[in-house]
1. Applying the selection to region 32-53, what residues are over 16 Å from Ile212 (Cβ atoms), over 11 Å from the mean Cα position of the chain (by Cα) and not basic (Lys, Arg)?
2. Test Ala57 against the stated conditions and say whether it is at pLDDT 95 or above and over 27 Å from Phe141 (Cα atoms).
3. For region 141-149, does any single residue satisfy the condition of being loosely packed, with under 15 Cβ neighbours inside 10 Å, in a strand (DSSP E or B) and not assigned by TED's automatic domain parsing to the domain that holds Pro34?
4. Looking at region 3-18 only, could you name the residues that are assigned to a loop (DSSP other than H, G, I, E, B) and buried (at least 17 other Cβ atoms within 10 Å of the Cβ)?
5. Being surrounded by 14 or more Cβ atoms within 10 Å (Cβ to Cβ), charged (D, E, K, R) and either at positive phi or assigned by TED's automatic domain parsing to the domain that holds Gln50 (or both) is true for just one of Arg206, Arg242. Which residue is that?
6. Out of the residues in region 171-205 that are within 13 Å of Ile142 (Cα to Cα), aliphatic (A, V, I, L, M) and in a helix (DSSP H, G or I), state the one that is farthest from the chain's Cα centre (by Cα).
7. Would you say Leu172 is in contact (Cβ under 8 Å) with a residue 40 or more places away in the chain and buried (at least 20 other Cβ atoms within 10 Å of the Cβ)?
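The values are calculated or read from the model by the stated rules, or taken from the named source; none is laboratory data. What you see is a predicted model, and the numbers here were worked out from it, not measured in a lab. Heads up, the Cβs are rebuilt from the backbone with ideal geometry, glycines too, and the neighbour counts pull from every protein chain shown.
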Amino acid sequence: MKPFFINSPSGNIFALYHTPEEGTKVKRNILFIPPFGEELNRSRHMVNRQARAFTKAGYGVLILDLFGTGDSEGQCEQANISLWQQDIHAACVWLRKASDTAPLFWAMRSGALLAADLIQKHPDLTNHMILWSPVSNGKKFISQFMRIKLAAGTTRQTSGQQLTVKDLWAKLDNGENLEIAGYSLSPDLAKDLSTLSLNEMDLPQRLTISWIETSLNDPAKLSPASHKIIEQWKESGITVTRKAVNDIAFWTLQEPEWANKYIDQTTAFLTE
């Protein structure tokens, strides 16, 4: 595992590069595109275990802290989609210096929106994307994130009435940052994310997508929203492999827990 910084237009971006055992030829590089906020912190143990599983299968894995997150330069309130996509692009450039083959994208939750939007702008960046329980609609995701603040019970108007999601959106529209669960959500970032939706992405037909999500159903099955997006992509000529597994939604948990079936199935996308 090699820690270092990538020089991006946004600044110095912290990265970890996981490699297969010494003497093993790298089949292909994989670029991890992280989710926003506490979902990433709650998932780092799983991300690192999945990276190790990929390296055992012969893949190199690059994990980023995007601008304003983790050990990278900047503050969260300075971040926007454009800066984050510049970071991802800079990581692709770094990986292409080590390999003639474009990296495979592995995007988690809201990272799927960043990745898919970047691919529709730059189709040559990758031809395969693994989606980990992807967020399909940015505006709904931000609204759900706001509910964390509302649930804390610290948001009241001067009249004493509890604020609503609509009120918080109004604050963003007025140029205010929102402090939520230790993160500063800026109007620019909220606006950027709210414009992104997977079902509106114009993705290249040559793209292969491997989609995995957790399910509480027995047997496990995809959500109706996921099924609709996947069918739409397949109708447009995109190759999609999909899988739902009975496992925990680890990114929602306060304490780390392992979703081993999730890791096994993700690895199987590349080994079966």
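1. If the condition is that a residue be over 16 Å from Ile212 (Cβ atoms), over 11 Å from the mean Cα position of the chain (by Cα) and not basic (Lys, Arg), then Glu38, Asn41, His45, Asn48 are the ones that fit.
2. On the way: at pLDDT 95 or above: yes; over 27 Å from Phe141 (Cα atoms): yes.
Yes.
3. Residues of region 141-149 that are loosely packed, with under 15 Cβ neighbours inside 10 Å, as a first pass: 144, 147-148.
Now restrict to residues that are in a strand (DSSP E or B): none.
Taking every residue of region 141-149 in turn, none turns out to be loosely packed, with under 15 Cβ neighbours inside 10 Å, in a strand (DSSP E or B) and not assigned by TED's automatic domain parsing to the domain that holds Pro34.
4. Result: Ser10, single match.
5. Working: Arg206 fails: surrounded by 14 or more Cβ atoms within 10 Å (Cβ to Cβ).
Sole residue among the options that is surrounded by 14 or more Cβ atoms within 10 Å (Cβ to Cβ), charged (D, E, K, R) and either at positive phi or assigned by TED's automatic domain parsing to the domain that holds Gln50 (or both): Arg242.
6. The selected residue is Leu172.
7. On the way: in contact (Cβ under 8 Å) with a residue 40 or more places away in the chain: no; buried (at least 20 other Cβ atoms within 10 Å of the Cβ): yes.
Considered against the rule, which asks whether it is in contact (Cβ under 8 Å) with a residue 40 or more places away in the chain and buried (at least 20 other Cβ atoms within 10 Å of the Cβ), Leu172 comes out as no.
This table checks each residue for (1) surrounded by fewer than 22 Cβ atoms within 10 Å (Cβ to Cβ); (2) touching a residue at least 60 places away in the same chain (Cβ under 8 Å); (3) not in a helix (DSSP H, G or I).
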| residue | (1), (2), (3) |
| --- | --- |
| His45 | yes, yes, no |
| Arg49 | yes, yes, no |
| Ala53 | yes, yes, no |
| Leu62 | no, no, yes |
| Gln86 | yes, yes, no |
| Arg96 | yes, no, no |
